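Have a look at the structure below, then the notes.
Any read-out appearing in this document is the output of simple, stated calculations on the displayed coordinates, not a laboratory observation. Computed from a predicted structure; not experimentally measured. Positions of Cβ are backbone-derived with ideal geometry, glycine not excepted, and every protein chain shown enters the neighbour counts.
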Amino acid sequence: VDDPGYSYAILRKGIDPRKDQSYFLFSLRQPQLRRALTPLGRMTKPEIRKIAHSLGLKIADKIDSQEICFVPGNDYKAFLRSHLGDNEFHRGEIYDVDGNFVGEHDGIELFTIGQRKGLPGGSPRPRYVADLDPETNRVIVGDAEHLVCDEFVIDRVNWHPVAGIGLSAVASAKADDPGRSFEATVKIRYNHPGTVATVTPLEHDRARVRLHEPQRAVTPGQAAVIYDDDIVLGGGWICRRAFCHPERSGAESRDLATLP
């Protein structure tokens, strides 16, 4: 794109939604994007297979990789154990969202937000991992509704020039100035279809994301990527959020890190 006195590269979604990689590429900056070539972005996987067949390539019918392609059997726990060793895991305790002790665990690295399997202690209803506290190695579990989130903050944000957000403008903006906010589509994980949100740029390369429809399992450490239709505006990394019990609000909200 050529603006008066300035030109920049734009990152768009690929036309094949099942194979689009823009979610992973949001952190590329202009020096990388200007030199990047994406020849498959305008083609679907069946079209690529057809070309491979015409060239007689043996991989033309190779099965698509799923999950983490370099982890045998998608067993990431076994993968971590084989590379780290049991002594490198950070053991700790498990609490429910009300601060009740549930049990102990063999390593916080073995849990993910939204996980249901492998949780100790009997319960009359399904329980899920609602939060992970790396400072205390505590795993917090709760009901399905405790996975739902409608607001979070992202940090280390990389704004693309097409977003029109200058560093000086962000630095001078107030954190909750509605005039600085804009609506966009936000993806909170690779296979997420995207949801409408109000995004507010903050100081120190951060932004607040308010989801118009609450989403399940918004996971700290995952990328949240911001789109205008098929154009990537920017993105950042989801921070640990303040936890709000579904029947509480305002002053009754609790940060999971404050559990006993």
**Request:** Starting at the first residue of segment 73-88, write each ³J(HN,Hα) from the Karplus equation 6.51 cos²θ - 1.76 cosθ + 1.60 with θ = phi - 60°, in whole Hz, x for Gly and Pro.
**Result:** x, 6, 8, 6, 5, 5, 4, 5, 4, 6, 9, 9, x, 4, 6, 8
**Whole-Hz ³J(HN,Hα) from phi, Karplus 6.51 cos²θ - 1.76 cosθ + 1.60, for segment 15-23, glycine and proline x** = 6, 8, x, 6, 10, 4, 10, 4, 4
**Request:** Count the DSSP beta bridges whose two residues both fall in segment 72-142, then state the antiparallel fraction as a percent rounded to the nearest 5.
**Result:** 75
**Request:** Report, by chain and number, residues whose modeled amide H sits under 5 Å from the one on V141, excluding near sequence neighbours (fewer than 5 apart, same chain).
**Result:** Y95, D96, V97, A130
**Request:** Rounded to whole Hz and in sequence order, give me ³J(HN,Hα) for segment 206-216 from the Karplus expression 6.51 cos²θ - 1.76 cosθ + 1.60, θ = phi - 60°, writing x for Gly and Pro.
**Result:** 10, 8, 9, 10, 10, 7, 6, 10, x, 10, 8
**Asked** Along the charge dipole of segment 72-142, Cβ charges K/R +1 and D/E -1, which of G114, I94, G73 sits furthest on the positive end?
**Response** G73
**Request:** Return the long-range amide H neighbours of T112 (sequence gap of 5 or more, or a different chain), with a cut-off of under 5 Å between placed amide H atoms.
**Result:** none
**Prompt:** By a straight-distance test (C-alpha under 18 Å), which lysines pair with K13 as possible cross-link partners, with residues fewer than eight away in the same chain excluded?
**Reply:** K45, K187
**5 angstrom amide H check on G107, placed H, neighbours 5+ away** = G92
**Fill in**
Cα-only Rg/Rh for segment 72-142 with Kirkwood Rh rounds to 0.98
**Packing-based order for 13-20, 33-40, using average beta carbon neighbours within 10 Å, highest first** = 13-20, 33-40
